[in-house]
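Colleague: Take a look at the following structure, please.
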Amino acid sequence: PEMSSCIISLSDCLLSFKQKRDVLNVLLEASIALFFIHLYIRSSQFILMPYCDCEHHLSRLVKDIMEKPEYPWKVKEMAKNHKMSLNGFISEFKEFSGLTPLAFVQHVRLKKGKLKLECSDAPVSLIARVCGYNSHASFTVYMKKHFGKSPFQIRKDAR
(Lines give C-alpha, C1' and ligand atoms only; values in the text may rest on other atoms or scores of the structure.)
Protein backbone atom coordinates (compact mmCIF):
# COMPACT_ATOMS: atom_id res chain seq x y z
CA PRO A 1 0.00 0.00 0.00
CA GLU A 2 2.78 2.48 0.81
CA MET A 3 4.50 1.73 -2.50
CA SER A 4 1.23 2.09 -4.42
CA SER A 5 0.59 5.62 -3.16
CA CYS A 6 4.19 6.54 -3.98
CA ILE A 7 3.85 5.19 -7.52
CA ILE A 8 0.59 7.08 -8.03
CA SER A 9 2.14 10.34 -6.81
CA LEU A 10 5.21 9.92 -8.99
CA SER A 11 3.02 9.09 -12.00
CA ASP A 12 1.02 12.29 -11.39
CA CYS A 13 4.29 14.24 -11.25
CA LEU A 14 5.45 12.77 -14.55
CA LEU A 15 2.17 13.70 -16.22
CA SER A 16 2.34 17.26 -14.92
CA PHE A 17 5.95 17.58 -16.13
CA LYS A 18 4.81 16.77 -19.67
CA GLN A 19 2.68 19.93 -19.66
CA LYS A 20 5.37 22.30 -18.40
CA ARG A 21 8.86 21.82 -19.90
CA ASP A 22 11.73 23.51 -18.08
CA VAL A 23 15.19 22.42 -16.91
CA LEU A 24 14.12 21.51 -13.39
CA ASN A 25 11.20 19.41 -14.62
CA VAL A 26 13.43 17.56 -17.09
CA LEU A 27 15.87 16.68 -14.29
CA LEU A 28 13.08 15.54 -12.00
CA GLU A 29 11.49 13.59 -14.82
CA ALA A 30 14.76 11.70 -15.42
CA SER A 31 15.08 10.88 -11.70
CA ILE A 32 11.52 9.57 -11.52
CA ALA A 33 12.03 7.55 -14.69
CA LEU A 34 15.14 5.96 -13.16
CA PHE A 35 13.08 5.07 -10.08
CA PHE A 36 10.51 3.30 -12.28
CA ILE A 37 13.26 1.47 -14.17
CA HIS A 38 14.75 0.30 -10.88
CA LEU A 39 11.30 -0.78 -9.65
CA TYR A 40 10.69 -2.73 -12.89
CA ILE A 41 14.05 -4.49 -12.70
CA ARG A 42 13.41 -5.50 -9.09
CA SER A 43 9.91 -6.77 -9.86
CA SER A 44 11.06 -8.75 -12.88
CA GLN A 45 13.66 -10.66 -10.90
CA PHE A 46 12.73 -14.29 -10.33
CA ILE A 47 12.39 -13.73 -6.62
CA LEU A 48 13.68 -11.13 -4.20
CA MET A 49 15.80 -12.86 -1.59
CA PRO A 50 18.29 -11.01 0.54
CA TYR A 51 19.75 -14.30 1.78
CA CYS A 52 21.23 -15.56 -1.51
CA ASP A 53 24.75 -14.58 -0.54
CA CYS A 54 24.53 -15.53 3.12
CA GLU A 55 26.46 -18.33 4.78
CA HIS A 56 23.49 -20.65 5.34
CA HIS A 57 24.18 -24.11 3.94
CA LEU A 58 21.05 -23.96 1.75
CA SER A 59 21.90 -20.61 0.14
CA ARG A 60 24.00 -22.28 -2.58
CA LEU A 61 21.16 -24.66 -3.42
CA VAL A 62 18.68 -21.77 -3.65
CA LYS A 63 21.06 -19.94 -5.97
CA ASP A 64 21.51 -23.08 -8.11
CA ILE A 65 17.75 -23.53 -8.43
CA MET A 66 17.38 -19.89 -9.49
CA GLU A 67 20.13 -20.24 -12.08
CA LYS A 68 18.98 -23.63 -13.43
CA PRO A 69 15.25 -24.00 -12.86
CA GLU A 70 14.98 -26.32 -15.87
CA TYR A 71 17.11 -28.98 -14.13
CA PRO A 72 15.01 -31.97 -13.01
CA TRP A 73 15.25 -31.17 -9.29
CA LYS A 74 14.40 -34.06 -6.96
CA VAL A 75 13.77 -33.37 -3.27
CA LYS A 76 15.23 -36.74 -2.23
CA GLU A 77 18.47 -35.93 -4.07
CA MET A 78 18.62 -32.45 -2.54
CA ALA A 79 18.17 -33.90 0.95
CA LYS A 80 20.77 -36.60 0.30
CA ASN A 81 23.28 -34.03 -1.02
CA HIS A 82 22.82 -32.01 2.18
CA LYS A 83 23.09 -35.17 4.33
CA MET A 84 19.65 -34.61 5.82
CA SER A 85 16.51 -36.66 6.24
CA LEU A 86 13.78 -35.89 3.74
CA ASN A 87 11.41 -34.37 6.32
CA GLY A 88 14.21 -32.44 8.02
CA PHE A 89 15.38 -31.05 4.69
CA ILE A 90 11.88 -29.97 3.63
CA SER A 91 11.28 -28.34 6.99
CA GLU A 92 14.59 -26.45 7.00
CA PHE A 93 14.24 -25.41 3.35
CA LYS A 94 10.76 -24.04 4.05
CA GLU A 95 12.01 -22.16 7.10
CA PHE A 96 14.88 -20.72 5.03
CA SER A 97 13.02 -19.80 1.83
CA GLY A 98 9.39 -19.58 2.88
CA LEU A 99 8.42 -22.35 0.42
CA THR A 100 8.84 -26.10 0.22
CA PRO A 101 11.59 -27.17 -2.19
CA LEU A 102 9.17 -28.19 -4.95
CA ALA A 103 7.05 -25.07 -4.54
CA PHE A 104 10.21 -22.97 -4.72
CA VAL A 105 11.36 -24.72 -7.93
CA GLN A 106 7.90 -24.26 -9.45
CA HIS A 107 7.81 -20.59 -8.44
CA VAL A 108 11.19 -19.92 -10.06
CA ARG A 109 10.20 -21.82 -13.22
CA LEU A 110 6.96 -19.89 -13.56
CA LYS A 111 8.63 -16.51 -13.02
CA LYS A 112 11.21 -17.41 -15.66
CA GLY A 113 8.44 -18.52 -18.01
CA LYS A 114 6.48 -15.30 -17.48
CA LEU A 115 9.58 -13.21 -18.13
CA LYS A 116 10.34 -15.15 -21.33
CA LEU A 117 6.73 -14.81 -22.50
CA GLU A 118 6.85 -11.04 -21.93
CA CYS A 119 10.27 -10.50 -23.52
CA SER A 120 10.41 -12.88 -26.48
CA ASP A 121 8.44 -14.29 -29.38
CA ALA A 122 9.61 -17.86 -28.75
CA PRO A 123 6.90 -20.50 -29.05
CA VAL A 124 5.19 -21.35 -25.77
CA SER A 125 6.17 -25.01 -26.13
CA LEU A 126 9.85 -24.03 -26.32
CA ILE A 127 9.54 -21.71 -23.31
CA ALA A 128 7.84 -24.54 -21.40
CA ARG A 129 10.78 -26.88 -22.11
CA VAL A 130 13.38 -24.22 -21.27
CA CYS A 131 11.64 -23.67 -17.93
CA GLY A 132 11.64 -27.38 -17.05
CA TYR A 133 8.12 -28.40 -18.06
CA ASN A 134 7.68 -31.56 -20.13
CA SER A 135 4.63 -30.31 -21.97
CA HIS A 136 3.01 -27.16 -23.23
CA ALA A 137 -0.23 -28.25 -21.54
CA SER A 138 1.22 -28.62 -18.04
CA PHE A 139 3.02 -25.28 -18.40
CA THR A 140 -0.26 -23.62 -19.41
CA VAL A 141 -2.14 -25.16 -16.48
CA TYR A 142 0.46 -23.98 -13.95
CA MET A 143 0.68 -20.49 -15.50
CA LYS A 144 -3.11 -20.11 -15.27
CA LYS A 145 -3.11 -21.38 -11.71
CA HIS A 146 -0.23 -19.14 -10.58
CA PHE A 147 -0.87 -15.94 -12.54
CA GLY A 148 -4.57 -16.31 -13.41
CA LYS A 149 -3.78 -16.01 -17.14
CA SER A 150 -2.80 -18.29 -19.97
CA PRO A 151 0.66 -17.89 -21.56
CA PHE A 152 -1.02 -16.26 -24.55
CA GLN A 153 -2.78 -13.71 -22.31
CA ILE A 154 0.46 -12.96 -20.43
CA ARG A 155 2.28 -12.32 -23.71
CA LYS A 156 -0.61 -10.23 -25.05
CA ASP A 157 -0.77 -8.10 -21.87
CA ALA A 158 2.97 -7.44 -22.02
CA ARG A 159 2.66 -5.90 -25.47
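Colleague: Which entries of LYS80/LYS144; LYS80/LYS112; LYS94/LYS116; LYS114/LYS149; LYS68/LYS114 have Cα-Cα distances beyond 21 Å here?
Modeller: Those over the limit are LYS80/LYS144; LYS80/LYS112; LYS94/LYS116.
Colleague: Also, I was wondering about something else. Can you give the FRET efficiency to the nearest 0.05 for VAL75 and HIS146, using r as the Cβ-Cβ distance and R₀ = 22 Å?
Modeller: On the way: r = 20 Å, r/R0 = 0.89.
Once the sixth-power term is evaluated, E becomes 0.65.
Colleague: A further question on this structure: Working with all protein chains in place, sort GLU95, GLU118 by solvent-accessible area computed with a 1.4 Å probe, largest first. Working shown, then result.
Modeller: Details: GLU95 160, GLU118 55 Å².
Largest accessible area first, the list is GLU95, GLU118.
Colleague: Using the beta-carbon distance between GLU95 and GLU29 and R0 = 41 Å, what value does 1/(1 + (r/R0)^6) give for FRET efficiency, to the nearest 0.05?
Modeller: My answer for the efficiency is 0.40.
Colleague: Heavy atoms of the protein only, probe of 1.4 Å, neighbouring chains included. What is the accessible area of ARG129 in Å², nearest 10?
Modeller: Around 140 Å² of this residue is reachable by solvent.
Colleague: Whole-Hz Karplus ³J(HN,Hα) for the stretch 117-132, in order, using 6.51 cos²θ - 1.76 cosθ + 1.60 and θ = phi - 60°, x for Gly and Pro?
Modeller: Per residue, the Karplus-derived 3J(HN,Hα) values read 5, 6, 10, 9, 9, 4, x, 4, 4, 5, 4, 4, 5, 4, 8, x Hz.
Colleague: When Lys and Arg each count +1 and Asp and Glu each count -1, what net charge do the other residues less than 14 Å away from ARG109, Cβ to Cβ, add up to?
Modeller: My count for the surroundings of ARG109 gives +4.
The values are calculated or read from the model by the stated rules, or taken from the named source; none is laboratory data. Just so you know, these numbers come straight off a predicted model, no measurement behind them. FYI the Cβ positions are ideal-geometry reconstructions off the backbone, even for glycines, and counts take in every protein chain you see. Keep in mind that these areas ignore ligands, DNA and RNA; they rest on the heavy atoms of the full protein, side chains included. Shrake-Rupley method; radii C 1.70, N 1.55, O 1.52, S 1.80 Å.
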